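Every read-out reported here was derived from the displayed coordinates using simple, explicitly stated rules and does not represent laboratory data. What you see is a predicted model, and the numbers here were worked out from it, not measured in a lab. FYI the Cβ positions are ideal-geometry reconstructions off the backbone, even for glycines, and counts take in every protein chain you see.
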Amino acid sequence: MTLDRRALLSASLALPFASAAAKEAWTRPAGLTPDASVALWPGGHIKPPPGLVEQVVQRSDDPDASDRMLQGITRPRLDIFRPAKPNGAAVILAPGGGYRYVVVDKEGYELARWLKDRGITVYVLFYRLPGDGWIDGADVPLSDAQRAMRLVRSRAGADGIDPARVAFGGFSAGGQVATSLLTRFDAKVYAPVDSADALSARPDVSAGFYSVVSMDPAIAHAVSREKLIGINPDAAREKLYSPERNVRTDMPPLFLLHAENDSVVNIENSLRLHEAARTAGVPCEAHYFAEGEHGFGILKAAGLPVAIWPELFRNWLAARKIV
């Protein structure tokens, strides 16, 4: 499929953030409420570390622009956004937060609503954090990502989706979750708990938005690296948790998005993964923009060329026959 960039630019004028009035409507928190929430794991299967308390922290003082983060996650789950007329496509989103917390609105609910309005069923994943004291802490985000893929496929009939059209995307540290799943979708990181675990955890397509990827200290996001693999990991551990060093020919097609002026997560994370995917012969579409900084999501992209990114992502999903 050939994307007409002029058509895309025209289409972007119709995005919710195109005018001040539309932007106000977009930021209204009442529109960012999931339709349902389901636990990833059966009751009693996971036991939170002693003293871990889940809490929501509101980082915005603007009543029309909610910016919440979830800390100390004890109940990993999927918040579901169901369109009025599902088109069969599903997208699982892993928000960022430097492996210290998981962002709720900016990298979860906002894109979920945007995709929901276009017929896509969306699942926002609140995954466990590796620095919170869980056993096998470095693998708990991947365990939750694998389980999310399997659980979503097991719910295909109930949610009106096609189990062969499931995308997994992540932002920032959530992009590290997504790209780890990209290369380790069949790693044995947890024991099966029910019939859902007989299903594949391989996404049909994968996406990384300004992603943390590499654990190479030269380019890694320092906080994410420390939370995931510790301060002084050995070479084997550093490699295992660096998706760009573990690419495989059977991994799913990939979509990458990054701003060149990102001062938080070096764009080299995306560039290295892009090159590794190309070398492996795996389809990879990448969009790099001069401006946008880090964590632009939808709202902070307003007025910049990068604001077109949701349409680019949706058109790529269409080109891959997900939507």
Choice from Ile229, Ile298, Ile135 showing the highest fluctuation, given a GNM over the chain with Cα pairs closer than 10 Å
Ile135
Pick out which of Thr179, Thr74, Thr279 has the largest mean-square fluctuation in a Gaussian network model of the chain, springs linking Cα atoms closer than 10 Å.
Thr279
Strictly over 20 Å apart at the Cα level, which of Lys106/Lys300; Lys300/Lys321; Lys106/Lys239; Lys116/Lys321 would you flag in this model?
Lys300/Lys321; Lys106/Lys239
Taking Cα pairs under 8 Å and at least six residues apart, what relative contact order does segment 5-319 come out at, in percent?
15
Test of understanding: ordering His45, His294, His274, His258 by Cβ neighbours within 10 Å, fewest first, what list do you get?
His45, His294, His274, His258
If you average the alpha carbon positions of segment 55-82 and of segment 217-273, how far apart do those two centres end up, in angstrom?
25
Please work out whether segment 45-131 counts as rounded, prolate or oblate from its C-alpha gyration tensor, where a ≥ b ≥ c are the square roots of the eigenvalues and a/c under 1.5 means rounded, while otherwise a/b larger than b/c means prolate and anything else oblate?
oblate
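If I take R0 = 35 Å and measure r between the Cβ atoms of Gln71 and Asp35 in this structure, what FRET efficiency does the formula 1/(1 + (r/R0)^6) give, to the nearest 0.05? Kindly include the intermediate steps, with their values, before the conclusion.
Values: r = 24 Å, r/R0 = 0.69.
Result of the calculation: an efficiency of 0.90.
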A student applying the Cα gyration tensor rule (rounded when a/c is under 1.5; otherwise prolate if a/b is larger than b/c, oblate if not) would label segment 173-323 oblate
By count of other Cβ within 10 Å, fewest leading, how are Asp216, Asp79, Asp186 ordered?
Asp186, Asp216, Asp79
Show which lysines lie in cross-link reach of Lys47 when reach means a straight Cα distance below 21 angstrom and same-chain residues fewer than eight apart are skipped.
Lys188, Lys227
Would you please classify the overall shape of segment 105-158 from the alpha carbon gyration tensor, given that a ≥ b ≥ c denote the square roots of the eigenvalues, rounded means a/c under 1.5, and beyond that prolate means a/b larger than b/c while oblate covers the rest?
oblate
Using a Gaussian network model on the chain with a 10 Å cutoff between Cα atoms, which of Asn269, Asn232, Asn87 fluctuates the most?
Asn232
Could you check what % of the DSSP bridge pairs in the chain are antiparallel, to the nearest 5?
40
With n ≥ 4 as the cut-off for DSSP H runs, can you work out [θ] at 222 nm for the chain, using -39500 (n - 2.57) per run divided by the number of residues, rounded to the nearest 500?
-8000 deg cm²/dmol
Taking Rg and Dmax of the Cα atoms in Å straight from the coordinates, which label in [x] 24.1, 78; [y] 18.2, 55; [z] 23.4, 67 is the correct one?
[y]
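Once you charge only the Cβ atoms, +1 for Lys and Arg and -1 for Asp and Glu, what is the size of the charge dipole of the chain about its Cα centre, to the nearest 20 debye?
Values: 37 positive and 37 negative charges, 156 e Å.
For the chain, the charge dipole is close to 740 debye.
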About the Cα centre of segment 76-122, what is the dipole size in debye to 20, counting +1 per Lys and Arg Cβ and -1 per Asp and Glu Cβ, all else neutral?
120
Among residues other than His294 whose Cβ falls under 14 Å from its Cβ, what is the net charge (Lys/Arg +1, Asp/Glu -1)?
-4
Residue span Asp194 to Lys239: 0.36 nm per residue of separation minus Cα-Cα distance leaves a gain in nm of 13.1 nm
Arrange the following residues from fewest to most other Cβ atoms within 10 Å of their Cβ: Trp309, Trp41.
Trp41, Trp309
